[in-house]
Amino acid sequence: MKFDFEGKVAIVTGGGSGIGAAISRQLADEGAEVIVADVDAGTANAIATEIRSQGGKARDFVVDVTDAAAVERLVDFAVRECGGLHLAVNNAGVDGVRKATSDYPLDNWMKVIDVNLNGVFYCMKYEIAAMLGQGGGAIVNMSSVLGSVGLPTAPAYTAAKHGIVGLTKVAAMEYARLGIRINAVAPGWIETPLLSEHTEVASTRRMMALQPMARRGTPEEVSALVCFLLSEQASFIAGSCHLVDGAYSAH
């Protein structure tokens, strides 16, 4: 399926690697001007440069989504330098250590919640304001299969991803009549650097053993769903969370 994003400006946070990079590439391939936003300047620049070398439109922007003022500058950049903001994918995230709840380090809890949940709120706060000023837009927030099920030793990540689903539903109800569609996507076990860090963790091995498709998904399989939800083909879809997990959560 091909989507028409010609004339659209898109922000992708965490756009420098993994799922974010795949989404950035596909949006640009479908005609959007993409702002590849990442805390890592090198990866953001690399993806934006790659997109431009293939004839697409992309700019890189360094942002820490835990800094609300920095997120506001990112959105202002889109409006000022690119002429608006029509599409946004709030994908930046971190995993965190693997510890049971009573042993979970407080500093790690704060970090995971700050990036994965507060960061999505900050992004939506400023993205929605910009979209309201131009008559609408579409947003996809990156949750996880762990936004609907639990994983022992991942209390912070699981809590944040559940929170994203709730935040998405509330914002979608608030702005549906104002022309802004907001949804969430919930990837399962996807072949990304974030998952690879924990390949040998016992709980991850147990989860993978329960995977009905007996493989990990690819970033491109997630990107296809994200781009559909951002497109006009999904014009009556809002306020929902869409799994792309190879039937893992069907247990």
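Where a number appears in this text, it was derived from the coordinates with a stated rule and is not lab data. Quick caveat, the model's predicted, so the values are computed rather than measured. Ideal geometry is used to build each Cβ from the backbone, glycine not excepted, and the neighbour counts take in all protein chains shown.
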- Item | Listed residue pairs exceeding 29 Å between alpha carbons, taken from 8/169; 57/161; 99/125; 99/161 | 57/161; 99/125
- Once fully extended, how much extra length lies between residue 6 and residue 67, figured as 0.36 nm per residue of separation less the alpha-carbon to alpha-carbon distance? 18.9 nm
- So the FRET efficiency between residue 240 and residue 101, C-beta based with R0 = 25 Å and rounded to 0.05, is 0.30
- Item | Phi-based couplings in Hz for the range 210-220 (Karplus 6.51, -1.76, 1.60; Gly and Pro marked x) | 8, 6, x, 7, 6, 7, 7, x, 10, x, 5
- Calculated [θ] (222 nm, deg cm²/dmol) that DSSP helices of n ≥ 4 give over the chain, each run adding -39,500 (n - 2.57): -13000 deg cm²/dmol
- Task: Would you please give the FRET efficiency between residue 247 and residue 80, computed as 1/(1 + (r/R0)^6) with r the Cβ-Cβ distance and R0 = 51 Å, to the nearest 0.05?
- Result: 0.70
- Message: Running a GNM on the chain with Cα contacts under 10 Å, which residue among 170, 140, 89 ends up with the highest mean-square fluctuation?
- Response: 170
- Message: Please give the Cα centre distance for the range 7-60 versus the range 215-242, rounded to the nearest Å.
- Response: 17
- Rg/Rg_globular for the range 53-186, with Rg_globular taken as 2.2 N^0.38 Å and Rg from C-alpha atoms: 1.13
- Item | Dipole-positive endmost among 93, 217, 5 within the chain (Cβ charges, Cα centre) | 217
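Mind checking the dipole of the chain: about its Cα centre, +1 per Lys or Arg Cβ, -1 per Asp or Glu Cβ, Debye to the nearest 20?
That gives the chain a dipole magnitude of about 520 debye.
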- Quick one: which residues, 5 or more positions from residue 35 or on another chain, have an amide H under 5 Å from its amide H? H modelled 1.01 Å from N in the peptide plane, none for Pro or chain starts. 10, 11, 12, 59
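How much length, in nm to one decimal, is gained on full extension between residue 210 and residue 134, taken as 0.36 nm per residue of separation minus their Cα-Cα distance?
22.8 nm
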- Cα convex hull volume per residue for the range 116-191 (Å³): 83
- Item | Equivalent ellipsoid semi-axes - Cα gyration tensor, the range 6-127, angstrom | 28, 15, 11
- Note on the structure: Given [x] 28, 19, 18; [y] 51, 18, 16; [z] 26, 23, 15 as possible values of semi-axes √(5λ) of the Cα gyration tensor in Å, the one from the coordinates is [x]
- Note on the structure: Ignoring trypsin sites (Lys or Arg not before Pro) buried by more than 13 other Cβ within 10 Å or outside DSSP loops, the longest site-free run in the chain is 3-214
